[in-house]
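Shown next, in structure tokens, is the structure this report addresses.
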Amino acid sequence: MSEVDVNKPCPFCGTRLDLNDRDILYPSGVGWKEEEGMRVGCDVYDVPKEQWCYKIVCQEHYGGCGAEMHGYSIEDTIKKWNKRV
């Protein structure tokens, strides 16, 4: 799915995520745009797909705990998941 792999398990329950499952990483329903040099949230319908935000979820229906991480892109979201503490 992405050039960046999820290589860390959930920090709360230890579940490993499979990015081949569409229930794990998907658009969050929010987008972003630049205003005065800062990123601000907006509706996804107001921006191109390249400016959609994403979220990654440790899905409870796969034995996970429901922990989430949000980011400004697929790669940003995965990088945040991998470096969280």
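What follows draws every value from the coordinates through simple rules; no lab data is involved. All of these numbers come straight from a predicted model, not from anything done at the bench. Note: ideal-geometry Cβ built from the backbone for every residue, glycine included; neighbour counts use all protein chains shown.
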**Asked** How large are Rg and Dmax for the chain when only the alpha carbon atoms are used, in Å?
**Response** 13.4, 43
**Request:** Report the charge-dipole magnitude of the range 12-60 in Debye, nearest 20, computed about the Cα centre from +1 at each Lys and Arg Cβ and -1 at each Asp and Glu Cβ.
**Result:** 160
**Fill in**
Given unit charges at Cβ for Lys, Arg (+) and Asp, Glu (-), the dipole magnitude of the chain about its Cα centre in debye, nearest 20, is 360
**Amide H contacts of C53 (H built 1.01 Å from N, under 5 Å, at least 5 apart or other chain)** = S28, G29, V30, G31, W32
**Length gained when the stretch Y26-K49 is fully extended (0.36 nm per residue, less Cα-Cα span)** = 7.1 nm
**Complete:** Kirkwood radius from Cα pairs of the range 12-60 plugged into Stokes-Einstein at 25 °C, 0.890 mPa s, gives D in µm²/s equal to 199
**Item:** Residue-averaged [θ]222 nm for the chain, counting only DSSP H segments that reach four residues, each worth -39500 (n - 2.57)
**Value:** -3500 deg cm²/dmol
**Request:** Can you tell me the 0 to 90 degree angle between the C-alpha axis of helix 74-83 and the longest principal axis of the chain, rounded to 10?
**Result:** 50
